[in-house]
């Protein structure tokens, strides 16, 4: 066996679904979803594109794997904590931070319409923690769903408006229609101007968590 053949064989044996998915996630982060193709992914892994089909059935299967990888990051960052409010906060921060880290890939969470096992484990463990704290099961699901929706909504709003990047200042005046009264323009400059995205998120989360009643015994 030549050195070149051994090298190619080594690359083939090291190829795995996890490695393929992680490289796909990286390419999406770098260049966007539309730029991802099996050919480009194969080139990035230094293999022929057809080799990928030994590990992923098709591009949809690949994107499902990317969704699962994103959820695995959320799961790893959302531990169950002794205090139920702290546990919900950990879920919210895990969701937001992961979406901000993978803004282009995170949209797949909804477009792929997939609930992979890591997502379901997050739900199961945190609902169980809320039930253990004294909440009725349906109430626990409702609380987690509400926090989940807030975190995803806030994160996607941030990446849409680029408020997570302090260098992305918005010229609010360019957003206004000609002839907008000056007093309303002044309101827009304050309301739509650059803000501290972290502080804004934490304020909303604090208000939500403080507004939740402690579980009441039956």
> Just 143, 62, 15 to compare: in a GNM of the chain, with alpha carbon springs under 10 Å, which one fluctuates most?
Replying inline: 15
> How do the peptides 104-113, 65-74, 122-131, 181-190 rank, highest first, by the average count of neighbouring beta carbon atoms within 10 Å per residue?
Replying inline: 65-74, 122-131, 104-113, 181-190
> In Å, what Rg and Dmax follow from the Cα atoms of the chain?
Replying inline: 22.1, 79
> What length, rounded to one decimal in nm, is gained on full extension from residue 206 through to residue 33, with 0.36 nm per residue of separation minus their alpha-carbon distance?
Replying inline: 58.9 nm
>> Normalised radius of gyration for segment 54-107, please: alpha carbon Rg relative to 2.2 N^0.38 Å, two decimal places.
In response: 1.37
>> Helix-only estimate, please: 222 nm mean residue ellipticity of the chain, summing -39500 (n - 2.57) across DSSP H runs of length 4 or more and dividing by its residues, to the nearest 500.
In response: -21000 deg cm²/dmol
>> Taking a ≥ b ≥ c as the square roots of the Cα gyration tensor eigenvalues, with a/c under 1.5 meaning rounded and otherwise prolate when a/b beats b/c, else oblate, which class fits segment 13-59?
In response: prolate
> Taking the alpha carbon gyration tensor of segment 79-185, what are the square roots of 5 times its eigenvalues, largest first, to the nearest whole Å?
Replying inline: 35, 17, 13
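Every number here is computed from the coordinates shown, using simple stated rules; none is lab data. Here the structure is a predicted model, which is why all the values come from computation and not from measurement. Don't worry about glycine lacking a Cβ; one is built from the backbone with ideal geometry, like all the others, and counts go over all protein chains shown.
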